[in-house]
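A quick write-up on the structure given underneath.
The values are calculated or read from the model by the stated rules, or taken from the named source; none is laboratory data. Quick caveat, the model's predicted, so the values are computed rather than measured. All Cβ positions, glycine included, derive from the backbone under ideal geometry; neighbour counts span all protein chains shown. These area figures cover heavy atoms from the full protein model, side chains too; ligands, DNA and RNA do not enter into them. Shrake-Rupley method; radii C 1.70, N 1.55, O 1.52, S 1.80 Å.
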Amino acid sequence: MSQDRDYIDQEITQIRFIYETLYPETPVETHMWWEKAKLPTPAVQPQDMSYGAEMMALTYIGNLRTGPQETPALPGKRVFVTIPSPRQVAVRESAGGVPWHKRPRKYRAIHALSPILAEQMKYQIEARRWRKLPARHKFSRLACSRGIFETQTMAPEGRHGSKEPAILIGLHWLDVGGAESLGIDSIRWALDAGLRVFVMVGQEGPERLLAKLPEDPRLQLIRTDRYLPRSQTSAFVSQLIAQENIILTHNHHCVPLYDALPTIKLRHPHVVNLDSTHIVEYADGGYPRISGVWSNFIDHHHVISGELERFYKERFRVYGSKLVLGRLLDDSRRGAEVAPVRIRAGQTRCRVAFVGRMVHQKRPVVALSIIRRLRAWGKRNGVDFRFDMVGEGPYRGAVEHLLTRYRLADVVHLHPAGTDVPALLGDSDILLVPSSNEGLALVCYEAIEAGCVPICSDVGAQAEICPPETLVAWSPMKAVRDSVSVVQRLLREEGFAETVEAGQRARMQALQADPSAREVLDRLYRDALAAVAAEQPLPKEAATRRKTKSKAPA
């Protein structure tokens, strides 16, 4: 119980910070429940003197009063929040089951007959959405009246307070993903540059990355996803900028932070806004489309691939220094020798890996169909296959179900999300990436550096890292046939592995010739700091600390 008490105290500190920031001069009465409330939460209502039956619930924790005393001339606010228990958060991470059980009966019947046929149906739906995308969704920038912004006057404390400069970084959530991985790196780079860092999260979900946040007193995670209604986010961000001397915002797929851009530009025009995007979604364009729509309110778009560069230029007419390419490269390994491709024609043992979240986008069901065919072919041709699948998510239960159905449990080893992926790839010959969509998969960098051959769907920017010999069709059925064929050629055709290796090396060298994400983001962070320092001297403590830091990225 003491652990729960400590946890609740930490969450109450979060709640206090949010509402004392949002309503610094307003009486606020916050009511809190444990795990489950009888009314929608979070919510903010005008204060009144009546109380309902929800206050009698066994899960009711109590209330917290902040701000000045309420008077008839100064009415207050009443806030309702629910504190999730650590057990609830853990359930999100272990969510499993067979995800098609809640689908229509027709779909379930097709899946029972053939899972790969059901995946083919999803692909056809996605392809149709992709064809109709320009007609269904907005692909033009929202107008931004610069004249209005230029007439705004900011109070000195709202523009440059007595606190050290800070950055607000928005993440989609705290689960494993490419955008979130770059977000965690960005937090470290911002701290290295001398910025204080505030982090907000767009939505609740599994929190596997929570433990990876740097332990630094200059970093603060703000649980707006838990305790602040979406409608109040823009007002909160505006107050936070003024209170904490925020000079930069950096958005990593966080919709509430995009929605706050008009308020930021109107009330805090000195703030530099940038975002990083990774993948164009087939259904609605995803975050690059959202980013492009808000482009007139954003100072810099950071992209990870040439495909995204073309997307912004062709769809939204974004050119010049506003659009910056920064690859997902590890600067510490820049120029390091890539391991030779491990697989060779004639070998009789082959280790195949699949690494990715267990969600539809990564298509683990398609990977299992490939594995099933490879095992059958290996039995007939004297090749001993071993398979590893790494990842967690909604499809984990589905994968376990199909392993039993296909009688593959004895040759397929399942690994949790925290597995040492580079070590696994260092022992693998093939990496299967049969995704329905990708940006530019980070795991492909890791595979090629480790001497593994990624076989990928030809989607997103995968052609920028994989040679044409290892790219397979987007269609699931063709992807299964093509992937099996590539593996067979690698194991049987003399010289084919060497051709693939040469193609992989050439693409890695081309990628390494481009700037890294750290290089471009570190420059943007330090340019913003330099602009602030040129306008107003930094606080003495910050200036002293800045002198001790190198101006070049570590």
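On a full-extension model of 0.36 nm per residue, what is the gain between Glu25 and Glu535, subtracting their alpha-carbon distance, rounded to one decimal in nm? Walk me through the numbers before you get to the answer.
Numbers: separation 510, 0.36 × 510 = 183.60 nm, distance 2.97 nm.
In short, 180.6 nm is gained.
222 nm [θ] for the chain, helices only, -39500 (n - 2.57) per DSSP H run of 4+, per residue, to 500?
Using -39500 (n - 2.57) per qualifying helix, the result is -13000 deg cm²/dmol.
Checking the a/c ratio against 1.5 first, then a/b against b/c, what shape does the Cα gyration tensor give for segment 6-88?
Numbers: a/c = 2.42, a/b = 1.40, b/c = 1.74.
Oblate shape, in that a/c is at least 1.5 and b/c is the bigger or equal ratio.
Give the accessible surface of the chain per residue, rounded to a whole number of Å², with probe radius 1.4 Å and ligands, DNA and RNA excluded.
Per residue, the chain has 44 Å² of solvent-accessible surface.
Cα-based Rg (one decimal) and Dmax (whole number) for segment 219-258, in Å?
10.2, 25
Compute the Rg to Rh ratio over segment 389-454 from the alpha carbon atoms, using the Kirkwood formula for Rh, and round to two decimal places. Don't skip to the answer; put the middle values down first.
On the way: Rg = 12.8 Å, Rh = 13.1 Å.
Expressed as Rg/Rh, it is 0.98.
Rounded to the nearest Å, what's the spacing between the alpha carbon centres of segment 454-484 and segment 193-221? Just the number, please.
35 Å
If I model a spin label as a point 7 Å beyond the Cα along the Cα-Cβ vector, how far apart are those points for Asp527 and Val411 in nm?
So the two model labels end up 5.4 nm from each other.
Arrange the peptides 459-470, 213-224 so that the one whose residues have, on average, the most other Cβ atoms within 10 Å appears first. Can you show the working numbers first?
Numbers: 459-470: 20.5, 213-224: 15.5.
Taking the mean over residues of other Cβ atoms within 10 Å, the ranking is 459-470, 213-224.
With the full set of protein chains in place, find how many percent of the accessible area of the chain is carbon and sulfur; take the probe as 1.4 Å. Don't skip to the end; give the middle numbers.
Numbers: 12720 of 24380 Å².
Exposed carbon and sulfur together represent 52 percent of the surface.
Sort 33-46, 369-382, 65-78 for me by packing, meaning the mean count of neighbouring Cβ atoms within 10 Å per residue, highest on top.
Averaged packing, sorted descending, gives the order 369-382, 33-46, 65-78.
Starting from the Cα-Cα distance between Ser485 and Ala235, subtract it from 0.36 nm times their residue separation and give me the gain in nm to one decimal.
84.4 nm
What FRET efficiency comes out for the pair Arg349/Lys478, r = Cβ-Cβ distance, R0 = 35 Å, nearest 0.05?
Values: r = 28 Å, r/R0 = 0.79.
Approximately 0.80, to the nearest 0.05.
Measure off 7 Å from each Cα along the Cα-to-Cβ vector at Lys122 and Ser332, then give the distance between these two points in nanometres to one decimal.
3.5 nm
Mind checking the alpha-carbon convex hull of segment 309-400 and giving the volume per residue in Å³?
198 Å³
Shape of the chain from its Cα gyration tensor (a ≥ b ≥ c, root eigenvalues): rounded if a/c is under 1.5, otherwise prolate when a/b > b/c, or oblate?
Taking the square roots of the gyration eigenvalues as a ≥ b ≥ c, the chain is prolate.
For the pair Arg5 and Trp377, how long in nm is the line joining their label points, each one 7 Å along Cα→Cβ?
Calculated label separation equals 6.3 nm.
For the chain, what is the percent of antiparallel DSSP beta bridges, rounded to the nearest 5?
15 percent
For segment 117-134, just list the computed ³J(HN,Hα) in residue order, Karplus coefficients 6.51, -1.76 and 1.60, θ = phi - 60°, integers in Hz, with x standing in for Gly and Pro.
In residue order, the calculated couplings are 5, 5, 5, 5, 5, 4, 4, 5, 5, 4, 4, 5, 4, 5, 5, 8, 3, x Hz.
Stretched out fully, how many nm does the piece from Thr419 to Leu266 gain, at 0.36 nm a residue minus the Cα gap?
Taking Thr419 through Leu266 to full extension adds about 50.5 nm, to one decimal.
Remind me, relative contact order of the chain in percent, using alpha carbon pairs under 8 angstrom and six or more residues apart?
Rounded, it is 15 percent for the chain.
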